[in-house]
Every structure is written in C-alpha cells, then in structure tokens.
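Data block below; observations after.
The values are calculated or read from the model by the stated rules, or taken from the named source; none is laboratory data. In this text the structure is predicted, and so the values were computed from the model without any measurement. Cβ atoms come from the backbone with ideal geometry, glycine included; neighbour counts cover every protein chain shown. Surface accessibility is based on the protein's heavy atoms, side chains included, excluding ligands, DNA and RNA. Shrake-Rupley method; radii C 1.70, N 1.55, O 1.52, S 1.80 Å.
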Amino acid sequence: MSNFSAGTHEFKRLVAASIVAATFWSVNGVYAAPIIFDEEETEIMDLGASQVLYDLQEMMTSPELSPVITGAVRQDLIAAIASFAAGRFDRAENFAKKVTSAAPDAGEGWQILGLALANKGEFEDALEALDKANAIYTQNPSLFVVQGDILIVLGRKDDASVAYAAAIEREPTYWVAHEKAGDLYLHDGKLDDALDSFQEASRHAPNDEITPYQKLVSTLIKAGRNQAALAAANEFVQAAPDNAAALISLAQAQIGAGEMETGRATLESAAETDPRDPKPLLALAVIHRVNGEQFAERDVLDRALVNDPENVAALRRLAGLEVLEGRNEKAQELFEKAESLASKNSLGAKPQLAELYLAAGRTKAAIELLSHWKDAPANSPEAALATLARAYAADGRIVAATKIHKARIEQHGTLTASLDYAAFLRGNLDFSGAEKVLIEAQKAHPESAAPWLHLGRTYGAEKRYDAALEAFEAGLKISPNSREFESAALLSEIRMENFDAAFTRASRLASLENSSAIDYFWLASVEQSRGRNAEAITAYETAREMDPDNWIVANNLAALLIDSDPERALSLATDAAEKSGGNLEARDTLGWAHYNNQNFAEAQSIFTTLTEENPDNAKAHFRLGQTLAKIGDTTGARKALSKAVALDPDHADAAAALAALASE
C-alpha cells in the first residue's frame, strides 16, 4: 500500500484496497494483468493474508480512532472488523450498523459497513455507506478507489473513472488511483491516456510495487513504442535487479523490439533468479507457442510444474497443448485440475473446459461449470457468456440461451456477440429475429462486411435468393476482394437460375492468379447447368488437378463421362465413393458407372443396398429396376420401377421403363 496524507482520524492502511478491490477484479474477470506472459488471475487471498491481518490489527489497536469510538462502540467496531476478516460479512454488517447507529459522525463504522455490504453483493447500499465515510474522511483517497471498483462491478465505467479521478484530486501522488485509471483507459483502447496514468503510478509507487512498471512496459509495446518500452524496462530492472517480474518485463520489451534470442536469455536468467517462481518459465512457454515449438513448450511447462505442481496457469497451458494435439480427454483432466485449484467464481479456463464438455456431449456439466454466470451479472466475461449460450442451446434450453445471448450483446456490444445470436436465431428458424439483430449489427459496425454475409445467409435459408444476393453485393462494396462473398453471391445466382450472371462471376473468379479448385468447381457447375457439358468437363478436370482429393469434383466429372468414357468414369466414381464416406449420391454414381460398364451384378448390389437404406428414394428404386431388367429379372424390375413411380409420380423415365416392361 502507498503512504498518503491522512487526517487525524483516518487510517494509513485500509482493508478496502487489500481485499475488496481484489475481490471485484477476480470475480468478474474484467481486467486481467496486461503482462503478455502472465495469464494467471488474481484470487481474493493471493494478495497476502498477512498484510490484510496487519491492516485489521492496526485498525483495531489504532489510538487515532474517532473520539466517540469508545467503550461498547469500540468493542462493536472491533467485532465488525474481526468478523470481516473471517469472511463473516453478515455478522460484520450487523456490528457495523451498531457502530453507525451509536456514532453516525464517525467514519470507521460507515467504512466497515460499506466493505461488508460490498462483499455481500449489495453494491448500491455499499456505495451509500462509503459515501458517508468519504464525507468524513476528507483527505483519504482510497475509499474513492473502492467505490470505483464497485462501480466497475455495476458496469458503470464512466462513474468509476470519476471516482478514480476524485481520488487523484484528493491525493495526486496516490499511485493506486493512477493505476486503476490506467486500467480503464487500457480497457477502452485509449493507449495514450493509459500510458500517462501508468507513468504517474510508476513515478509515485514504492519500489516494491511492481505492477505499475509492468503495465507501463506492456502498454508501450501495445502502442508500438518498442524502444521506449525497452528503456522503461531497463530502468525497472535497475531499480529491482533481482526481481523476476522485472526481468520478465525486460524480456517482453526485448522481444517486442525484435531481440528474440536476447529475450529468451533474459527469461532464462529470470528463471534462475527465483527457481520457485514459474512465471519466467510460463513466459518461455508463450514464446515457444508463438514459434510453433510444441515440444519445447511442453518441456518448459513440465519444468514449471516440477517447481509448482499446482500452478494453475501451467496446467491450463498444458491442457491447451493437449487440445492442439487432439488429446481431449487428457486436456479435460488437466483443465479440471486447474479449475479445482482456482477460485470458483473466476473465469480461468472454464470456457475451454466447458467446450470440451460440449464436444463430449456433456451439456449439463458445461452448464454447471459456468453456473456463476447463469444470471449474467454485470460485467460477466464475454467468453463465459458465449460458451454458456452454446451450452444452453445444446441442452435445448432455448429461452435460457436467448437470455444469455441478449445479455452478452447488452454488456459487451461486440460484433461477434451479434453474429452468434443471429446464427442461433437462424438455427431455430427465427429468420425475422436474426434479420433484425443483423441489421442492428450492421448499423453499429458499418465498417464490417460480416453482418452482410450473415444477413445474406439468413435470406438464403428463407430461399429469398434475390435479397441474399443484394446483401452479398453490399458486403462486396466493403470487402471487394472477398472470395467468401463472391462465392456466396455466385451460389445465390445459381439458385435463382440466373446462369448467365453466374457464368460471368464464376469466369472472373477462375481467371484470377490465385484461383483455386473451388473456383473451377463453380465454373464447371454453372457450365453444366447451362448445358455446356464439354466446357464443364474441362473445368472439372482443372479442379481435379488442383485438388485430387475432392470427391465431389470426382463424382460430378464421373457423371459427365459415363456415356463418353465409361471406364474412366468408373475409376473416378470409385475414388469419389471411397472418399465420400458413404455419400448417397457418390454411391449412386458408382452404381450407374458399373451399369454402363455392364457390371450388372455390382450395380445390383449397390442399388439394392441404397433402396434398403433409403426406401423413400425414387431414384434408387429406378436404378435398381433398370439393372434388374438388364439381368432378366422382369418381376423384380417391375416391382422396383412401380415403387419409383409410386414415390415420384412425375418420374417420367421410371414410368416409361415400366410401360416398356408391360409391353413385353
């Protein structure tokens, strides 16, 4: 804690800054430490229980209490403080109210009452109590900081900024308030203002308070001022040469300035400075992750866990490695261990673990894991809300999912939140709702083409292809070189059977220098729709050269070659059927290719299986009927063809084949 000017009855150290502020930051996960390498969240008692107890003892034994705090009132105050220290906030509230009732002009009772109420979640009442304490403690800035932290919890960032400014006005050298103001500026992307605040915090903070220096260095890097960051980090190290955190900041600055190997060496030095501190090793792990050095990253994380087997950050990162390598069960085990060690209400890796639960079909486990945010309290982490909404949707709880989606948009207002909600509504066939959300998103984010893409997909799902095309064209004005938009617009034109316009667009895409197999696939599809089979074959051949493993290209090319080159068609159809994983159309093409190569037994086997698996598929019964007729099974052929006509009375080929059999 910083020293500051105090009035006669004001405390130099307050429980507020030690416990309450930490509680707010950790519970809501709003502001993670900006150090690139350190992803650990602050837990309530991680700030040092010994310091908190010292603060309480000082308050209880202070000779400078208000004159009216004597006798029974003093005993009630001591009981309130002791209850607060023990986490018994109801009891602390009761004793504090006795103090405020007996001595309303003493700040001590209002202060403890405000802190107790805040820790009970009764934030508005806490603010009111702290207002009364603030009116009495006219020189103490720290209660303004506590009020700012409460306002952050309530989502009132502007009011919190005012509170921090009031603390600074009351005591310009109070570094905690400068740091808090910097956190807000950083969260809002105001890097210059954040830098000013962190510089002030660094200037006034004691040498053993390192976070302002860390935040100053990391913000300079974010602002692209790498040389200034390097200078600040070197100054930091000179002030604390044996401090591992200072060395980590220096390494961060060195890497930001392009001195990768020097940064690595600095981190190794930091690890040697305090072998029990896993943070330098975790920082090295980040470098290995960025460079794709997974084996080296695993080795470093293992070293960190040897030093501290219960290090939550190392366990989470190791779990992330397991996910990358496809070992989800091991990842789940590590995430579960990490979250069992972390605070129940902290964000941590809960969204990642919940996603693993969802992938394994354990929707209720995912919901339970994120239950702290089920009512979407103010400032809920967006990652928690996003995953919780997906979990509710997977569990069929549409109303609950809708509530969380809306809360996510209201609290965070991100484009991704709106797009996810629209996709959710579209998936539940609420097209008008999805359209409304996307139009609002487009107005809020006019610089982004994404709302137009999703709006077009929504119209397409409604088969409003003309409206879909308009949306995709609007997106192309914002993102003129987007293949995704061009392909979506092309598909709309095909569905509208506007093949001339589709041919123009497909030809343009295929003519580009960086054209791909999909461009030639679309060109071939359009040519096929226009009845220009020779041109379609040429385009499909090009697409197959570019992507030999694309079974759809092989299937369509086989279908076009069945009459002119049946042997090649059979080879292509065999390849497509194997790679398609049993797709109905691919197997149908393979059966027809066997038929045209007079392999009637193979064709019969394929079409019989298809009719058994898909008894309502008229085409499969028609193909089987034709095949049975070829091998002389007239009865079987008549039965299969009759079934085809019954399923599809408009199937002219099946009706003609049945009539031909009847005339024999």
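On the basis of the beta-carbon distance and an R0 of 51 Å, ARG327 and ARG203 show a calculated FRET efficiency of 0.60. Rounded to the nearest 10 degrees, the angle from helix 211-222 to the longest Cα principal axis of the chain is 40 degrees.
Please give the contour-minus-distance gain from ALA659 to ALA360: 0.36 nm per residue of separation, less the Cα-Cα distance, rounded to one decimal in nm.
Numbers: separation 299, 0.36 × 299 = 107.64 nm, distance 5.34 nm.
Here the answer is 102.3 nm.
Karplus-derived 3J(HN,Hα) values for the range 293-304, using 6.51 cos²θ - 1.76 cosθ + 1.60 with θ = phi - 60°, are 9, 5, 5, 5, 4, 4, 4, 5, 5, 4, 4, 5 Hz; glycine and proline are entered as x.
Name the shape class, rounded, prolate or oblate, that the alpha-carbon gyration tensor gives for the chain, where a ≥ b ≥ c are the square roots of its eigenvalues, rounded holds for a/c under 1.5, and otherwise prolate holds if a/b is larger than b/c and oblate otherwise. Judged from the Cα gyration tensor, the chain comes out prolate (a/c at least 1.5, a/b above b/c). Rounded to the nearest 10 degrees, the angle from helix 312-324 to the longest Cα principal axis of the chain is 10 degrees.
May I ask you to derive the FRET efficiency for VAL290 and SER101 from their Cβ-Cβ distance with R0 = 56 Å, giving the value to the nearest 0.05? All intermediate terms of the calculation are to be shown ahead of the outcome.
Numbers: r = 59 Å, r/R0 = 1.06.
With a Förster radius of 56 Å, E is 0.40.
Here the simple spin-label model places points 7 Å from the Cα toward Cβ, and for ALA601 and ASP131 these points are separated by 9.3 nm. Classify the range 297-352 as rounded, prolate or oblate from the Cα gyration tensor: take a ≥ b ≥ c as the square roots of its eigenvalues, call it rounded if a/c is under 1.5, otherwise prolate when a/b beats b/c and oblate if not. Because a/c hits 1.5 or more and a/b fails to exceed b/c, the range 297-352 counts as oblate.
3J(HN,Hα) along the range 395-403: 8, x, 9, 5, 4, 5, 4, 4, 4 Hz, from the Karplus curve 6.51 cos²θ - 1.76 cosθ + 1.60 with θ = phi - 60°, whole Hz, x for Gly and Pro. Using the Cβ-Cβ distance between LEU429 and ASP500 with R0 set to 45 Å, the FRET efficiency works out to roughly 0.85. Entry note, the chain: the mean residue ellipticity at 222 nm calculated from DSSP H runs of n ≥ 4, each adding -39500 (n - 2.57), is -23000 deg cm²/dmol after division by the residues and rounding to the nearest 500.
Going by accessible area, probe 1.4 Å, with all protein chains left in place, what is the ranking of LYS132, LYS364, largest first? Spell out each step's value before the answer.
Details: LYS132 85, LYS364 140 Å².
The residues order as LYS364, LYS132, largest area first.
Placing a pseudo-label 7 Å from each Cα along the Cα-to-Cβ vector at ALA461 and ILE439 gives an inter-label distance of 1.7 nm. Heavy-atom surface analysis with a 1.4 Å probe gives the chain a carbon and sulfur content of 50 percent of its accessible area. Stretched out straight at 0.36 nm per residue, the stretch from ALA165 to VAL306 would grow longer than its current Cα-Cα span by 46.3 nm.
The alpha-carbon of LYS279 sits under 26 angstrom from the alpha-carbons of these lysines, leaving out residues fewer than 8 places away in its chain: LYS180, LYS215, LYS222, LYS330, LYS337, LYS344, LYS350.
Note that the range 520-576 presents 45 Å² accessible area per residue, ligands and nucleic acids not counted, probe 1.4 Å. Phi-derived couplings, Karplus 6.51 cos²θ - 1.76 cosθ + 1.60 at θ = phi - 60°, listed residue by residue for the range 259-269: 9, 4, 5, 5, x, 4, 4, 5, 5, 4, 5 Hz, with x used for Gly and Pro. Seen against the Cα atoms of the chain and their longest principal axis, helix 533-546 is set at about 40 degrees. Starting from the Cα of LYS619, draw a straight line to each of the aspartates and glutamates and keep only those under 14 Å, dropping any in the same chain fewer than 8 residues away. Output for LYS619: GLU585, ASP588, ASP648, ASP650, ASP653.
In a fully extended conformation the segment linking THR273 and LEU512 would gain 80.4 nm over its present Cα-Cα distance, using 0.36 nm per residue. Given in Å, the Rg to one decimal and the Dmax to the nearest whole number for the Cα atoms of the range 549-606 are 9.8, 28. Counting only protein heavy atoms and a 1.4 Å probe, the range 416-481 has 49 square angstrom of accessible area per residue. Annotation: lysines with alpha-carbon distance below 27 angstrom to LYS97 (same-chain offsets under eight excluded): LYS12, LYS120, LYS132. The Cα trace of the range 158-286 gives Rg and Dmax of 15.1, 46 Å, the first to one decimal, the second as a whole number.
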